[in-house]
1. What number comes out for the charge environment of I35, summing +1 per Lys or Arg and -1 per Asp or Glu over other residues with Cβ under 11 Å away?
2. What is the order of L151, L141, fewest Cβ neighbours within 10 Å to most?
3. To make sure I understand, if each residue's beta carbon is the centre and we count other beta carbons within 10 Å, what order do R119, R138 fall in, fewest to most?
4. Put +1 on the Cβ of each Lys and Arg and -1 on the Cβ of each Asp and Glu in region 48-184; which of G63, N128, H171 then has its Cα farthest toward the positive end of the dipole?
5. Give the distance, in whole Å, between the Cα centre of region 56-129 and the Cα centre of region 144-191.
6. By how many nm would the segment from R77 to Y184 grow when fully extended, if each residue of separation counts as 0.36 nm and the alpha-carbon distance is taken off?
7. What distance in nm separates the two pseudo spin-label positions at E143 and I20, each 7 Å out from Cα along the beta-carbon direction?
8. Want the number for N173 to E150: 0.36 nm per residue separation, take away the alpha-carbon distance, what's left?
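Just so you know, all these numbers are worked out from the coordinates, no wet-lab data involved. Predicted model only: the values in this text are computed from it and were never measured. We place every Cβ from the backbone using ideal geometry, glycine too, and count neighbours over all the protein chains shown.
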Amino acid sequence: MRTGLVETALASAEKFTYMIIRDAIEAAKTAGALIPFNPPLGWNSKPRAFLMTQRLAGQITDGLTSTDAKRVDRWDRLRADIANFVENGLMTWASMKWLDPHKYEHWEIKSRRPRPSLRIFGRFAEPNVFVGTHVIERTKLGEKWSLEWELEKLACEEEWKRAMGDCLPFHGNSYEDYMTENAYRFPEVPL
């Protein structure tokens, strides 16, 4: 009997949390603090959502409107990597991962080719809904645990707070909790 009450209370709390985060997302989109990413080819099946802060949207716009053709190509490839996420493309630890320590919910999407390699920082608002905060060249980050990495994690938190207010990011226990389809931390290779 007691277990049933606890499960009911936990389910109600989880539903309430999702209602709050969805309200915060809609308010941020209405205020222009979050901008939904629309794939360049107009793909209609969107099991995942990618929302951008104003900072990230500005960075992408700057990259795509450069007068340097190589720079435009680089940023167009970044946009293709985002589209892969939105269009339910395969996501693995090699393409997107949480940063240590996991409890702070900092994530990176890796856009490795062409050089320079880029990293999009962000957090999940709920399963399948990623909020990208900003992007930086990988070479500017240094080694793991460097001051540069830690400063970018703090920048991620600041951008999140600017867009999402006091809402906490989603916290899952496994990679597949964050992306519920076509995502594997360590995909199995068939023999």
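1. Values: positive: K29, R55; negative: none.
Value of the local net charge: +2.
2. Working: L151 12, L141 18.
Fewest-to-most Cβ neighbours within 10 Å comes out as L151, L141.
3. Details: R119 21, R138 15.
Fewest-to-most Cβ neighbours within 10 Å comes out as R138, R119.
4. After comparing all options, I get G63.
5. Taking the Cα centre of each part, region 56-129 and region 144-191 sit 12 Å apart.
6. Full extension of this stretch gives 36.3 nm more.
7. Between E143 and I20, the label points sit 4.0 nm apart.
8. Difference between extended and current length: 6.0 nm.
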